[in-house]
């Protein structure tokens, strides 16, 4: 006695359609906003919007000197989680430690530390 299993064949077009649908869902998914939890100890972090939302950029404490932030040109909130004083563009310095800053006007210019 012989036994065999019938395996249904999936057509190539159905497989391609499924892959295209999955790809479209991935592209259409909105990017998650960054929040305070993404700023680790020892980093200088900036956000595009007030309240630590929008485009997020960060630098390690070890990256001393001045930094441009072309990818995030008009920042409105920042968190200095280093032990250095940090200058944000033309704004006053941001104190070391867990100092939070929110700005009503956008910050432009370089971010520098130590100052």
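The values are calculated or read from the model by the stated rules, or taken from the named source; none is laboratory data. No experiment lies behind these values; they were computed from the predicted model shown. A quick note on method: Cβ atoms are made from the backbone with ideal geometry, for glycine too, and the neighbour counts reach across all protein chains shown.
Table for the structure above
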item	result
The stretch 81-93: number of residues that are exposed (fewer than 13 other Cβ atoms within 10 Å of the Cβ) and either within 20 Å of residue 54 (Cβ to Cβ) or touching a strand residue (DSSP E or B) at 6+ places or on another chain (Cβ under 8 Å) (or both)	1
Count of the stretch 59-80 residues which are modelled with pLDDT of 90 or more and buried (at least 20 other Cβ atoms within 10 Å of the Cβ)	2
Residue list for the stretch 94-115, filter: part of a strand (DSSP E or B) and surrounded by fewer than 17 Cβ atoms within 10 Å (Cβ to Cβ)	99, 100, 102, 103, 104, 105, 106
From 38, 101, residue being modelled with pLDDT of 75 or more and touching a strand residue (DSSP E or B) at 6+ places or on another chain (Cβ under 8 Å)	38
